[in-house]
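Read-outs throughout are calculated quantities, based only on the coordinates presented, and are distinct from any laboratory measurement. The model shown is predicted, which means the values in this text are computed figures rather than measured ones. Glycine also receives a Cβ, built like all others from the backbone with ideal geometry; neighbour counts cover every protein chain displayed.
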Amino acid sequence: MMHRVKLFAAIRQRIGRDELEVELPSAATVRQLRGALAEQFPPLAGVLAHTRIAVDSEYANDDRQLCPASEIALIPPVSGG
């Protein structure tokens, strides 16, 4: 099943796109999404451990199950002063 993933800030810059499409099995979890992203998009592998994932406008833990209509976004850590 294909899922669209919106990208923000440094992740968007690293990939050079605003969103990705990721192939996942049905009833996949956020944990499986992280693994698929690292496999399908190697430039993300180093930042995924520190990246928050939002599902339907709420931060999600790795056990959260995704449904086909889920809105998914990768939110990288932000630094500043």
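Rg ratio for the chain: its Cα radius of gyration over 2.2 N^0.38 Å, N being its residue count, equals 1.01. Axis of helix 30-40 versus longest Cα principal axis of the chain: the two differ by about 70°, to the nearest ten degrees. Only DSSP H runs of four or more residues enter the estimate; each adds -39500 (n - 2.57), and after division by the residues of the chain the mean residue ellipticity at 222 nm equals -6500 deg cm²/dmol. Would you work out which of Ile75, Met1, Pro25 lies farthest towards the positive end of the dipole of the chain, given +1 charges on the beta-carbon of Lys and Arg and -1 on that of Asp and Glu, about the Cα centre? Farthest along the dipole direction, towards plus: Ile75.
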